[in-house]
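The values are calculated or read from the model by the stated rules, or taken from the named source; none is laboratory data. These figures come from a predicted structure and were not determined experimentally. Cβ placement follows ideal geometry from the backbone for every residue including glycine, while neighbour counts extend to all protein chains displayed. Ligands, DNA and RNA are excluded from the accessible area calculation, which covers all protein heavy atoms including side chains. Shrake-Rupley method; radii C 1.70, N 1.55, O 1.52, S 1.80 Å.
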Amino acid sequence: MPPELTHDERLTAFEARIARGEKIEPGDWMPDDYRRQLIRMISQHAHSEIVGMLPEGAWIEHAPSLRRKLILIAKVQDEAGHGQYLYHAAESLGAERQDLIDALLAGKAKYSNIFNYPTLNWADVGMIGWLVDGAAIKNQTMLTGASYGPYSRAMVRICAEETFHYKQGKEMITLYAQGTPHQRRMAQDALDRWWWPSLMMFGPPDADSTNSTTLMRWGIKLKSNDALRQEFIDEIVPELHAAGLCIPDPDLRYDENSGHWLTGPIDWDEFWRVIKGNGPMNRERLRARRTAHDDGLWVREAMAAYASRSSVIGKRSTVSGQR
Amino acid sequence: MVVKLSPSPPAPPHSGAQAVPQGEGNFPEPNAPTSPLPAGEGRVDMAAANPTWSEGRLTLTSDAVWAALHEVMDPEIPVLSLVDLGVVREVTVSGDVVTVTMTPTFSGCPALVEMQRLIEVRLLALGAASVAVNTVLAPAWSSDWISDEGRRKLKAFGLAPPPVHGGDVQIMLFDVVRCPRCNSDDVLVRNTFGSTLCRAIYYCNRCQDAFEQFKPL
Amino acid sequence: MNDDLRAALAARLLATADDELMLAHRNAEWTGHAPILEEDIALANIAQDELGHASIWYGLVEELTGQDPDRLVFFRDAGEYRSAQMVEQPRGDWAFTMLRQYLFDAYEMALLARLAGSAYQPVADAAARMRNEELYHYRHSSAWLRRLGLGTAESNRRMQAALDVLWPLAGQLFSPQPGDALLNVEGYWPDLNELRQAWSGVVIPALEEAGLGETASAAGPDDRRVHSAHLDTLLADMQMVARADEEAVW
Ligand SMILES: [Fe+2]
Ligand SMILES: [Fe+2]
Ligand SMILES: [Zn+2]
């Protein structure tokens, strides 16, 4: 783009590109606010993948069959891989991964509220796959259409993997819901605890959602929180019913006129409480991440020392973690 | 000192010298999933794989079965069929009983059971009365078995296809990797282990963007 | 195959499977807690591979004895396990985990290279399947051996401390079980003494190159029926859910 254009002309051209459905790529001109909003969203998404390893990871050691153990390790590995991939997407906008991680560890960055709830029984792992990955897919499928190229491309592959998680979770819970009394209790107990938090994953009601208008004009966000939430509810309610599970909402009903499932009121006070750091597991999640970070300090120092030495020798290293 | 622990593994059978497809500079947009939650399975696409009817009885041919399997996609790479992935080794049809022999990509592939289920669902929908899916370990799957079409689809999906190595470990580990978007070889490895067993993470200096490679094995 | 040979092969396969299972279990404990994100991914990946290998070996045991792999894993007590103590040890620090991984990967590479020529075809097929995967592990843990051994004074000290614990334990990987001689005669399994020579020939120079020094050659455990107390703790965690409901299909 020729340099003599004014900021407003550039902005007009930029918005026209988005309106035409073009993707914005790393070297392209973009408004500072677009860059800032994207870094915020992508890094929150990356942090969610990283913190999201913890609740499910805690059950790897207890998985009750070889196959379930394998599937769970694979799933948590997927999440970590998504995290790395998303940090790269944020870096393509000029962010530094270390700064983003520092913000997370300092408690200054957000990540998905859902991971501030505890995993209390083995069936939670399946319920998370079904509900949490199911809800995440809704959001991420929308984001495959996002205007920023690296983010939208990452979402396509991430969605494919999340879909697999969702299917595995659904398969597991469906099996347990028809299994022994003990398994049925586990499955129902998991649903009772994960139902409402999973609905909150779509974020606050549209009326209370800041940022939304600009994000939508710039094609970073394509559907409203409430619209996505309703889509999710309409799909997941019949699935849970088909599995023979009881959704913990006495007000839940099907509305013939609109064709939608309508839930009772969501406890938004709880949502804000958790987002402000006072959920059941906020402190524990950050503690775990900080411990990993602090315990790893000497390792990172050794890596840096070795890398600087071997670059002097001119050795080419292709081992992970070398930067 | 280079530590040599074992000789190169033997070349797998079927490892034809396929060239890794080189893109022509077009950047196909990846196929975005249209429905967030997976669609119903076992859809019957009669146009793609038409079993023949003779004397009022359904006759399954092995061609029809292969064609149907061509529509069964990898659970984590929805553009790549199990046939293009090279995991379907053999199909035998005896009347309306079908036996499919497959091999896992990696020993710890978490998708194996799901692949077996998808095959069964698809072939029952095709009209098979019973379907057996056997798993064999030998000959061991090699990424060389991914078809040319599979390689094109991987690339369009944003995954750099693995180099054809013919069993040569040096090529397997150190061949030039190209960005699936721009074909540049100005790339850096960021992690030899990616989000799944079969992937590595790279960074393309030209696109200033990360990409994943389907790892050679 | 006569009964003695069958029993000997099943016992050897079981020990091999148990080793892979324990290592996978310990490595997976790092998921979410590794020093860099890349290693959360790598360790989970390696754990998955080792668990895949364990499943294959248990599957071969099942073909010989009819024992269900999940019953073997989730309903045996410590005394019935045949894993080596080296892989039962807690994950320790990153140096301990990576050095253990290196020592085990080198052992597994040497073992699989020989097993690929086993006269028992299912073993040969399984080994051929695993070898390329193992190559990725070996490359990874070898790089960490050098990086930590030659990194900083602290990383070197931690590696040396890990070596002092692991070296006496490593010998158990090569200690014979009753019936091993039979397997060797049939060409089913390599001679463990020869395997040990090959392994030492690789790892000793590599350890030296990584700046690690002499370590006490204290005699470690020999008999695979003898376990550390760590195995009890590990099994209590691993078998908790499965044993809470024996009737359930998980
Ligand atoms: Fe994820
Ligand atoms: Fe292994
Ligand atoms: Zn590129």
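Computed over protein heavy atoms with a 1.4 Å probe, the carbon and sulfur contribution to the accessible area of the stretch A:132-221 reaches 55%. Peptide A:53-64 has a mean of 6 when you count, residue by residue, the C-beta atoms of other protein chains within 10 Å of its C-beta.
In square angstrom and rounded to 100, what buried accessible area do you get between chains A and B, total over both, with the probe at 1.4 Å? Can you show the working numbers first?
Details: alone 16510 and 12120 Å², together 25120 Å².
Approximately 3500 Å² gets buried when A meets B.
The eigenvalues of the Cα gyration tensor, multiplied by 5 and square-rooted, give the protein assembly as shown an equivalent ellipsoid with semi-axes of 41, 32, 29 Å from largest to smallest.
With a threshold of 28 Å on the Cα-Cα distance, the over-threshold entries among A:Lys69/B:Lys155; A:Lys69/A:Lys223; A:Lys108/B:Lys155; A:Lys138/A:Lys276; A:Lys108/A:Lys170 are A:Lys69/B:Lys155; A:Lys69/A:Lys223; A:Lys108/B:Lys155; A:Lys108/A:Lys170.
Per residue, how much accessible area does the stretch B:55-135 show when a 1.4 Å probe rolls over the protein heavy atoms, in square angstrom? If you can, show how the numbers build up before the last one.
Details: 2850 Å² over 81 residues.
In whole numbers, the stretch B:55-135 has 35 Å² accessible per residue.
Once both labels are positioned 7 Å from their Cα atoms along Cα-to-Cβ, the gap between C:Gln121 and A:Leu175 label points is 3.1 nm.
Write down the accessible area per residue of the stretch C:127-250 in Å², having rolled a 1.4 Å probe over the full set of protein chains.
Numbers: 5280 Å² over 124 residues.
Here the residues of the stretch C:127-250 average 43 Å² of exposed surface.
Surface composition of the stretch B:160-214: carbon and sulfur atoms hold 44% of the protein heavy-atom accessible area at a 1.4 Å probe.
Multiplying each eigenvalue of the alpha-carbon gyration tensor of chain C by 5 and taking the square root yields semi-axes of 28, 22, 17 Å, largest first, rounded to whole angstroms.
Nearest 100 Å² is fine: what is the total accessible surface buried where chains A and C meet, probe 1.4 Å? Spell out each step's value before the answer.
Numbers: alone 16510 and 11560 Å², together 23720 Å².
Buried area (both sides, nearest 100 Å²): 4400 Å².
Bridge orientation summary for the protein assembly as shown: considering DSSP beta bridges with both residues in this region, about 70 percent are antiparallel. So how tilted is helix C:229-244 from the main axis of chain C? Cα-based, degrees 0 to 90, rounded to 10. Compared with the principal axis, the helix lies near 50 degrees. For the chain pair C and B, the interface hides roughly 2700 square angstrom of accessible area in total, found with a 1.4 Å probe.
Treating r as the C-beta distance of A:Asp234 and A:Asn278 and R0 as 25 Å, the FRET efficiency rounds to 0.20. For the stretch B:114-179, the Kirkwood hydrodynamic radius from C-alpha pairs, put into Stokes-Einstein at 37 °C and a viscosity of 0.692 mPa s, yields a diffusion coefficient of 225 µm² per second. Placing +1 on the Cβ of every Lys and Arg and -1 on the Cβ of every Asp and Glu, with no other charges, gives the protein assembly as shown a dipole of roughly 1460 debye about its Cα centre. Taking label points 7 Å from Cα along the Cα-to-Cβ direction, A:Ser212 and C:Thr233 give a separation of 5.1 nm. With the solvent-accessible surface defined on protein heavy atoms using a 1.4 Å probe, which residues belonging to the stretch B:115-150 display a reduction of at least 50 Å² in accessible area in the multichain context relative to the isolated chain? Residues meeting the cut-off: B:Leu137. Each peptide among C:54-61, C:158-165, A:280-287, A:77-84 gets the average number of other Cβ atoms lying within 10 Å of its residues, and from highest to lowest they stand as A:77-84, C:54-61, C:158-165, A:280-287.
For the stretch A:206-236 versus the stretch A:140-173, the inter-centroid distance based on Cα atoms is 17 Å.
Taking only complete DSSP H runs, can you tell me which helices of chain A stretch 27 Å or more along their own long axis by Cα positions and average at least -1.0 on the Kyte-Doolittle scale?
Working: long enough: A:32-51 (28 Å, -0.76); A:66-91 (38 Å, -0.33); A:149-177 (41 Å, -0.38); A:181-200 (30 Å, -1.12).
Helix filter hits for chain A: A:32-51, A:66-91, A:149-177.
Highest first, please rank the peptides C:3-16, C:208-221 by the mean number of other Cβ atoms sitting within 10 Å of their residues.
Working: C:3-16: 19.5, C:208-221: 13.7.
Going from most to least packed, we get C:3-16, C:208-221.
What is the log10 of I(q)/I(0) for the stretch A:63-117, computed with the Debye formula using one identical point scatterer on each Cα and no solvent, at q = 0.13, 0.15 Å⁻¹? The Debye formula, applied to the Cα set alone, gives -0.48, -0.60. Length gained on full extension, A:Asp28 to A:Glu256: 77.3 nm, using 0.36 nm per residue less the C-alpha separation.
Above 26 angstrom, tally the Cα pairs of the stretch A:31-280 and express them as a % of all pairs, no decimals. The partial results should precede the final answer.
Details: 12196 of 31125 pairs.
For the stretch A:31-280, the fraction of Cα-Cα distances above 26 Å is 39 percent.
Neighbouring Cβ atoms from other chains, within 10 Å of the Cβ of residues in B:101-109, number 6 on average. Across peptide C:133-145, the mean count of Cβ atoms from other chains lying within 10 Å of each residue's own Cβ comes to 5. Can you grab the distance from the C-alpha centre of the stretch A:23-42 to the C-alpha centre of the stretch C:133-151, Å, no decimals? Between the Cα centre of the stretch A:23-42 and that of the stretch C:133-151, the gap is 38 Å. Rounded to the nearest 10 degrees, the inclination of helix C:3-28 to the longest alpha-carbon principal axis of chain C is 40 degrees. Projecting the Cα positions of B:Thr61, C:Ala248, A:Ser308 onto the charge dipole of the protein assembly as shown (unit charges on Cβ atoms of Lys, Arg, Asp and Glu, taken about the Cα centre) puts A:Ser308 furthest along the positive direction. Taking 1.306 mPa s as the viscosity and 10 °C as the temperature, the Stokes-Einstein diffusion coefficient of the stretch B:160-214 based on its alpha-carbon Kirkwood radius rounds to 141 µm²/s. Relative to the longest principal axis of the Cα atoms of chain C, helix C:192-209 runs at roughly 20 degrees.
Note on chain C: with neighbouring protein chains present and a 1.4 Å probe, carbon and sulfur make up 51 percent of its accessible heavy-atom surface. Working ranking of peptides A:66-73, B:148-155, C:222-229, C:200-207 by packing, defined as the average number of other Cβ atoms within 10 Å per residue, highest first, is A:66-73, B:148-155, C:200-207, C:222-229. Contact order for the stretch A:1-105, expressed relative to its length and based on alpha carbon pairs under 8 Å spaced 6+ residues apart, stands at 29 percent.
Once you have the Kirkwood Rh of the stretch A:174-276 from its Cα pairs, apply Stokes-Einstein at 10 °C and 1.306 mPa s and quote D in µm²/s.
Numbers: Rh = 15.4 Å.
D, rounded to a whole number, is 103 µm²/s.
Label-to-label distance, C:Gln67 versus B:Gln170, with points set 7 angstrom from Cα along the beta-carbon direction: 4.5 nm.
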